[in-house]
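What follows is a short report on a single structure.
The values are calculated or read from the model by the stated rules, or taken from the named source; none is laboratory data. Remember, it's a predicted structure, so these values are computed and weren't measured experimentally. The protein model used for the area step is the full one, side chains on, heavy atoms only, and it has no ligands, DNA or RNA in it. Shrake-Rupley method; radii C 1.70, N 1.55, O 1.52, S 1.80 Å.
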Amino acid sequence: MIIVGELINTSRKAMADAVNRRDEGEICAVAQRQADSGAAYIDVNCGTFLEEEEELLPWLVRIIQEQVDLPLCLDSPNPKALAKALEVHRGKALINSISGEEERFAQVLPLVRESGASVIALCMDDEGIGEDAASRLEAGKKLGERLLNAGIESERIFFDPLLRPVSTESEAGQVALETIARLKLAFPQSHIICGLSNISFGLPKRRLLNRTFLSMAVARGLDSAILDPTDPEIRLTLLAAEALLGKDEFCLNYLNNIREQEEN
Ligand code: THG
């Protein structure tokens, strides 16, 4: 499972405050905790700062990569902010994101090509986000084919079925699960990712909903997620799901982790 740490996002009040104070110590500590918890990428999103995003995103990339030796998931719909962040990013980033929207596709594709980064491909286009799995899959397929035709290798593409809150869209979980299964068949070499915590907006016991959905999604082929890696329950759920689905030979990873816990 490729884990992307979600905590450096200014939609979270604590992070908005830290960025406002330009509190490098606090921001880097949050990055370090996620790295220590097994994140492969650290998501960086300062989208709530709108006007300042083009300055702030590269600043965050610089200070975080001085602290942790990990690639970052550059989370912005603004191609200029992405370009400036890529200029200072070390290693191969994960660009979050491209979509089938014509303007966005045209502006983000050159960044993917020139940087050699991987990219999150949102299953949507100028028609918006489809209501059912068939329309999400269609948008995802078209986008995937355009990326492959542009020379982006399958392994660099992370499809995102787009997870919506079940509090306002009861079918959102089901639609995403079906889309994941069908994306997996259509693009077996690519990755499938989702922003896990979206599912539980507006409901109590969000972590319960997040980790329950995670195990269902892993069963359908999800192999990457933007989530809070510092939540110990979510890590255990992932270990259990992978063992139960035959993704952990002889359950070795499960056994080793449980033993480690018992020793502590
Ligand atoms: N797909 C892609 N990228 C994404 C998302 C996605 N990036 C953003 C988001 N969705 C994933 N990241 C988060 C980060 C935080 C939360 C949800 C998703 C979250 N935060 C609490 C809140 O806003 O209520 C935090 C409260 C707080 O601490 O203040 O839920 O789907 N490609």
(message) Using a probe radius of 1.4 Å on heavy atoms only, what accessible surface per residue do you get for region 156-237? Whole Å² is fine.
(response) 42
(message) Show me, for region 215-225, the HN-Hα J-couplings you get by feeding each phi into the Karplus relation (A = 6.51, B = -1.76, C = 1.60, θ = phi - 60°), rounded to Hz, glycine and proline as x.
(response) 5, 5, 5, 5, 5, 8, x, 5, 10, 7, 8
(message) Can you give me the C-alpha center-to-center distance between region 20-59 and region 88-109, rounded to a whole angstrom?
(response) 18
(request) Name the lysines eligible as straight-distance cross-link partners of Lys142: C-alpha to C-alpha under 29 Å, and not fewer than 8 places from it in the same chain. (result) Lys80, Lys84, Lys92, Lys184
(request) Taking only protein heavy atoms into account and a 1.4 Å probe, give the accessible area per residue of region 6-150 in Å². (result) 46
(request) Leaving ligands, DNA and RNA out of it, report the carbon-plus-sulfur percent of the accessible area of region 21-73 at a 1.4 Å probe. (result) 43
(message) Just to check I understand the Karplus step: with θ = phi - 60° and J = 6.51 cos²θ - 1.76 cosθ + 1.60, what whole-Hz values come out for region 152-162, glycine and proline as x?
(response) 7, 5, 3, 5, 8, 9, 10, 6, 10, x, 6
(request) Starting from the Cα gyration tensor of region 1-126, take the square roots of the eigenvalues, sort them a ≥ b ≥ c, and report rounded, prolate or oblate (rounded when a/c is under 1.5, otherwise prolate if a/b is larger than b/c, else oblate). (result) prolate
(request) Can you send over the carbon and sulfur percentage of the accessible area for region 82-187, probe radius 1.4 Å, protein chains only? (result) 46
